[in-house]
Amino acid sequence: MKALVFLGGGRITSAIVAGLKLARYKAPIIVHDRHPEKLRELQRTSNVDVEPDLSRAVKQAHILLIAVRPDSVDPLLEQIGEVKNPTLGVSLAAGIPLAKLRGRLGTQVRWARAMPSPVSRVGRGLTALTFDRGIPWPAQREVSTLFAQVGQVIEIPEKQFDGFTVTYSSSHGYHALATLAKAAVGTGLDRKTALLAAAHALADGIQAWRESGMSLENLLQEAATPGGIAATVMDIMDADGYAKTVERALKAGLRRSQQNAKK
């Protein structure tokens, strides 16, 4: 059986492998990385096969996931050269367009881009996919099925990929949780209670939106009675430029992602 091969043994590889193991994924998983310590750690924590030799790793791949930093993609593809066997290439590198991947490993490699979440680790990830022109439907289905093992999958046009990348990151939730909990400690709550309250405000509230079928506007009205405490808190956030700060931050992230395409 041809393998699922990760080139790059960093955090996103670790998260996806953990999610696949949780889902009892059947195909062999092989990880290559130029840092032996990363391979040893993955082998210890995830019990995957590791392959220090890049050429041997690529030859075993049916699906080849490029899981390195954007500035490492070009030298990695240069090092691989031409792939002789039919292979599905999937790039996880933010900002690198399909046009820069197409043909780089020869005509036997069909390309897709994927933007998976570290939350894939627990099977609740979200992955955006986009496919190169001419990639056959069975190949698209294989890639979609792979990422469906670790969470929800959506297919979007490539032109939306940068916007998705700056919006979907679980770091937004973690940052909001840390910020809200820190402010709550300032009101006199102990840290444990502050984290519990803040996590409920964020995670459980959003889960209620997902499950209730109610509109976000109606839920905001329900949770924040005019003149009440919650409404007062939101009014101060808005007055202090909360929405503008988020907008400015996403635009900065978008510029950074677009810079990757120019490298």
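The values are calculated or read from the model by the stated rules, or taken from the named source; none is laboratory data. Not measured: the values here are computed from a predicted model. Cβ placement follows ideal geometry from the backbone for every residue including glycine, while neighbour counts extend to all protein chains displayed.
Give me the pairs: first residue in the range 144-156 and modelled with pLDDT of 95 or more, second residue surrounded by 14 or more Cβ atoms within 10 Å (Cβ to Cβ) and basic (Lys, Arg), beta-carbon distance under 9 Å, and six or more apart or on different chains, which are they?
150/121
Counting only residues that are among the hydrophobic types (A, V, I, L, M, F, W, C), part of a helix (DSSP H, G or I) and more than 15 Å from the chain's Cα centre (by Cα), which one in the range 144-190 is surrounded by the most Cβ atoms within 10 Å (Cβ to Cβ)?
So the residue we want is 181.
Among the residues in the range 38-53, are any more than 23 Å from residue 165 (Cα to Cα), among the charged types (D, E, K, R) and either in the same structural domain as residue 258 (by TED's automatic domain parsing) or assigned to a loop (DSSP other than H, G, I, E, B) (or both)?
yes
For the range 225-263, give me each residue that is under 23 Å from residue 202 (Cα atoms) and of a type in the set (A, V, I, L, M).
Passing the criteria: 229, 230, 231, 233, 234, 236, 237, 239, 243, 246, 249, 250.
For the range 128-139, does any single residue satisfy the condition of being touching a Ser or Thr at 6+ places or on another chain (Cβ under 7 Å) and either outside the structural domain of residue 71 (by TED's automatic domain parsing) or aliphatic (A, V, I, L, M) (or both)?
yes
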